[in-house]
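Just so it is clear, none of the values below were taken in a lab; they were calculated from the coordinates. Predicted model, so just to flag it, every value in this text is computed and none were measured.
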Amino acid sequence: MDEIARSGARRGSVPSSEQRDGARAKAIHFALMPRSRLLGAKLAFLPVCAILSCAILSPALSQAEKKKQLPTVRWTAGASGCTFERRDDGKYLWTMTERDLAVTLLMDSQELAQSRFRPYQLFAAFISVTYSGQGKFEFPADVRVDFVRHHEVQEAYENPTELSTKLQNDLDTKVFETERQIKKNPKIADEKTALLRTYQRIAAEFIEFVSTKTLDPNTVMLNPGNPEAHGWVLFSTSNKWIGPWKEREDFIISVWMKDKIWQFPVSLPPSEGDLILRKPPE
């Protein structure tokens, strides 16, 4: 996933209050749009991992969304049902459990650096939802992220089908442009062909990843025979209010269920100077 072509960092100027409010409303609006059929904030914000009243995200929310004043359960360090683990493969693992449902968030300790080398500089997290009850549980696969240190811009995770299509279209454009350049100047044929092959390989690998490893965007019914839904979620960072990463970043990753919102306030790294010594592959 992380052998991805390097792309330039996006920078944005400091917006005025009016511009910021407008952009924030627009970002949240897109985050709340319904999904197509096809298709990681500090660790201790609250004293307990309990159900809280959900605040209105923005004055620009739709009427339907305003009616969904869902309660919020938030991950809190040391609270009952909330655990955190540093794995020797360089991954951070946050888990929150309530009755017969467990939600886990996994992120790479080097995610801020790795995201710079993915197509479109996508930000990635792995979500797992496990149901241990004897009945049925409807998981709507709605995951969103708030970029806390970047004007609290909120984004919904990328539709895998639309993302694959965009990458394929960009690849087709690259092929066409390379052929045009070679026809104009045959002397650069070898150089341009080698670069194109590298681009094609990277694009193909990423399209395969998006198609097979991402979270199913469709609603999944969990039951004893099918107790888990999991996959990678990819978030756009192209919003002009996000800009380049800071040395330490705060996020709120929210998993929206039908009855409540499960929130993970996440900082990368989780604490100042935090370092993971990765275990070498066997």
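Do the alpha carbons of any pairs in K184/K240; K136/K260; K213/K258; K91/K213; K192/K240; K166/K258 sit beyond 28 Å of each other, and which pairs?
Working: K184/K240 36 Å; K136/K260 16 Å; K213/K258 24 Å; K91/K213 17 Å; K192/K240 31 Å; K166/K258 30 Å.
Beyond 28 Å between Cα atoms: K184/K240; K192/K240; K166/K258.
Looking at the calculated P(r) for region 150-282, what percent of the C-alpha pair distances fall above 21 Å?
In whole percent, the long-distance tail amounts to 65.
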For region 236-252, just list the computed ³J(HN,Hα) in residue order, Karplus coefficients 6.51, -1.76 and 1.60, θ = phi - 60°, integers in Hz, with x standing in for Gly and Pro. 6, 10, 7, 4, 5, 7, 7, x, x, 5, 8, 4, 9, 10, 10, 9, 10
